[in-house]
Each structure stands twice: as structure tokens, then as C-alpha cells.
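The next block holds one structure in the form of C-alpha cells; read it before the comments.
Nothing in this text is a laboratory measurement; each read-out follows from the coordinates by a stated rule. Computed from a predicted model, the values in this text were never measured in an experiment. A quick note on method: Cβ atoms are made from the backbone with ideal geometry, for glycine too, and the neighbour counts reach across all protein chains shown.
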Amino acid sequence: MSYAQKKGIDVVVVDHHIPEEELPQAVAIVNPNREDDKSGLGHLCAAGVSFFVLAALQKKQDPLSKRINLLSLLDLVALGTVCDVVPLKGINKAFVSTRASYYGERTQSWYPNPF
């Protein structure tokens, strides 16, 4: 992170682990397990948190995120949810069960070129 910051690159941290007392220096830290977070989504894996970050960017009409079909990413979110062995409750259960409806419908590569 310090290298990116020295190069003038803004750093946003997306995480789901219980944070240490001292948070990293970043433009933003998105973590539903922060003490000051009131979302009630502390059971999400990083893929789930990232999905919500992309959804928020789309809501703000960020040009890069508008190129990403969120529904086409549900299989990756479901895979991350299962592999991280987070509780299958609430939105996690929805991610995993909804994924079956969209399996094989992805119209883009799993890693879209952001440039």
C-alpha cells in the first residue's frame, strides 16, 4: 500500500476479517467487521463485500463499474462464499442459491480489463 501511495495512487481496502486496532492508511476501508460498521453484514466473505462495493459504484454511476454486469458475477461471489466457509445465512444464502439461476450466463471474462 505504501508503494501505491508513494506513486500517488489512492488505495481502497476491501476486507471482511476482524480488523486490528490500528487501521491501514487508505482513502477508504470497506469492512463490515469494523467496530463503527452498522450494516450487520459481518458474515460476508470478501467476494460478497466486493460485490456490494461494485453495486454501490454502479448506483453512483461510476463509468468503469457500468461496464460490469453484476448478475454475471454471482457465480464467483457464490464460489467465494462457499470456499471461505462463511455462514450460509441471509445474503450469503441468497448468493449461493441465486447463483444456480445464472450459472453459465456470464457474458464477460471473469476478470474484465479495467482500462
(message) What's the ranking of 26-33, 44-51 by average number of surrounding C-beta atoms within 10 Å, highest first?
(response) 44-51, 26-33
(request) List, in order, the whole-Hz ³J(HN,Hα) value for each residue of segment 20-25 obtained from phi through the Karplus relation with A = 6.51, B = -1.76, C = 1.60 and θ = phi - 60°; use x for Gly and Pro. (result) 6, 4, 8, 7, x, 7
(request) Using just the helices of the chain, give the 222 nm mean residue ellipticity in deg cm²/dmol: DSSP H runs with n ≥ 4 each add -39,500 (n - 2.57), and the total is spread over all residues, rounded to 500. (result) -10500 deg cm²/dmol
(message) Quick check for me: using +1 on Lys/Arg Cβ and -1 on Asp/Glu Cβ, what's the dipole size of segment 2-102 about its Cα centre, in debye to the nearest 20?
(response) 560
(request) Sort segment 2-102 into rounded, prolate or oblate with this rule: let a ≥ b ≥ c be the square roots of the eigenvalues of the Cα gyration tensor; rounded if a/c is under 1.5, and if a/c is not under 1.5, prolate when a/b is larger than b/c, oblate otherwise. (result) oblate
(request) Obtain the nm distance between the two label points defined at Asp36 and Tyr3 by a simple spin-label model: each point lies 7 Å from its Cα along the Cα-to-C-beta direction. (result) 2.9
(request) Would you mind computing, in nm to one decimal, how far apart the modelled labels at Ala94 and Glu20 are, each placed 7 Å from Cα along Cα→Cβ? (result) 3.5
(request) Take the cross-link list Lys38/Lys59; Lys60/Lys89; Lys38/Lys89; Lys38/Lys60 and give me the ones stretching past 24 Å between alpha-carbons. (result) Lys60/Lys89
(request) With unit charges on the beta carbon (Lys/Arg positive, Asp/Glu negative), name the residue among Ala56, Leu79, Asn69 whose Cα is farthest towards the positive pole of the charge dipole of segment 2-102. (result) Asn69
(message) Amide H of Val30 versus every other amide H placed in the peptide plane: which residues, excluding those fewer than 5 positions away on the same chain, fall under 5 Å?
(response) Val13, Val14, Asp15
